[in-house]
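Remarks on the structure that follows.
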Amino acid sequence: MAKIFPILLLISIGLVLPGFLLAQTSDMGGIGSLSLSTDLGRSWDAKLEQELRVNQNFRTLDRSLTSIGVDYTIIKKLLKASLDYNFIYQKQNEFYEIRHRSSAALAAQLSIRSFDLELRTKGQATWRDESRGDYKFNPKYVWRNKLECAYSIFGSPLKPFLSAEIFCPLNSENGFYMDSYRVIAGAKYKFSKHISLEAFLRYDQDIQQPNPHNIVYGGIGWNYKL
């Protein structure tokens, strides 16, 4: 098991490097978020989060996202389900538009010694503002699949992690296919029972598109658990 993390790191580098070499459009940006979470009892948890995202080399506010969601533990430390709603204020060309997004996910978890593995599958629907553009597919449906590996350092509040996620639109002109992927490397630091901080680097890459775009984000997130 000790070899899993280096292997995942090499796979992540293999996914990121081709984008730097071949993509036609590259960018850099930042992500910051604040969140509150609480245990509702009877296997239910809730979370409220506010996120801001900038791009175009940190010069433009790309998106504000307000998210509220609930998790339900089906089998403790093994299987959970979640429902989320996002209110999005996002830049589209020269204007900002309001979008609404809902999603449902199922995540399988497995702990082996110091490693925590999670495989999550998620379906999401995004409704866009028709007054800002003529969208042929509205809402837009996307199927997402994510694999994450986190490592618990014995006696330390620091927990590094790696993840990779693929995105597949379900209703598009080209039908069902994979159009982008995301790789994240970061670490979570637990200051106390209630407060934790997360810092990460995220790489998003378009694929199988006429003008593929990639972007590297640096991000930080603060969470308070009630």
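A short reminder: the numbers here are calculations on the coordinates, not readings from a lab. Treat the numbers as computed from the prediction; the structure is a model and nothing was measured. Cβ placement follows ideal geometry from the backbone for every residue including glycine, while neighbour counts extend to all protein chains displayed.
Evaluate the stretch 178-226: find the radius of gyration of its Cα atoms, find its Kirkwood radius, and give the ratio Rg to Rh.
Details: Rg = 15.1 Å, Rh = 12.6 Å.
Taking Rg over the Kirkwood Rh, I get 1.20.
Report the full-extension gain for the segment TYR89 to TRP127: residue separation times 0.36 nm, less the Cα-Cα distance, to one decimal in nm.
Details: separation 38, 0.36 × 38 = 13.68 nm, distance 1.18 nm.
Length gained between TYR89 and TRP127: 12.5 nm.
Between the DSSP loop rule and a limit of at most 15 other Cβ atoms within 10 Å, which chymotrypsin sites (Phe, Trp or Tyr not before Pro) in the stretch 121-226 are left? Write out the running numbers ahead of the final one.
On the way: sites: TRP127, TYR135, PHE137, TYR141, TRP143, TYR151, PHE154, PHE161, PHE167, PHE176, TYR177, TYR181, TYR189, PHE191, PHE200, TYR203, TYR217, TRP222, TYR224; in loops: TYR135, PHE137, PHE154, PHE176, TYR177, PHE191.
Those satisfying the criteria are TYR135, PHE137, PHE154, PHE176, TYR177, PHE191.
Filter the cross-link list LYS91/LYS146; LYS47/LYS140; LYS159/LYS193; LYS47/LYS146; LYS146/LYS193; LYS80/LYS122 down to pairs whose alpha-carbon distance in this structure exceeds 18 Å.
Details: LYS91/LYS146 26 Å; LYS47/LYS140 24 Å; LYS159/LYS193 15 Å; LYS47/LYS146 20 Å; LYS146/LYS193 27 Å; LYS80/LYS122 12 Å.
Exceeds cut-off: LYS91/LYS146; LYS47/LYS140; LYS47/LYS146; LYS146/LYS193.
Send over the per residue convex hull volume for the stretch 71-225, Cα only, as a whole number of Å³.
Details: hull volume 21.4 nm³, N = 155.
Dividing the Cα hull volume of the stretch 71-225 by its residue count gives 138 Å³.
Among LEU78, LEU226, LEU65, LEU162, rank each residue by its count of other Cβ atoms within 10 Å, from fewest to most, as a rough exposure measure.
On the way: LEU78 12, LEU226 8, LEU65 18, LEU162 21.
So the residues, fewest neighbours to most, are LEU226, LEU78, LEU65, LEU162.
Please arrange HIS213, HIS194 by how many other C-beta atoms lie within 10 Å of their C-beta, fewest to most.
Numbers: HIS213 15, HIS194 11.
Placing the least packed residue first, the sequence is HIS194, HIS213.
Just tell me the longest site-free run in the chain, where the sites are GluC sites (Glu not before Pro) in a DSSP loop having at most 15 other beta-carbon atoms within 10 Å.
Numbers: sites that count: GLU94, GLU173.
Segment 1-93 is the longest.
If the only charges are +1 at each Lys and Arg Cβ and -1 at each Asp and Glu Cβ, what is the size of the charge dipole of the stretch 4-225 around the Cα centre, to the nearest 20 debye? Provide the component values of the computation, followed by the final result.
Values: 27 positive and 22 negative charges, 152 e Å.
Here the stretch 4-225 has a charge dipole of around 740 debye.
Need one number: nm distance between label points at SER43 and ASN57, each 7 Å from Cα along Cα→Cβ, rounded to one decimal.
Modelled inter-label distance: 5.2 nm.
Diagonalise the Cα gyration tensor of the stretch 21-91 and give the resulting equivalent ellipsoid semi-axes, square root of 5 times each eigenvalue, largest first, whole Å.
Values: eigenvalues 210, 48, 18 Å².
Taking √(5λ) for each eigenvalue gives 32, 16, 9 Å, largest first.
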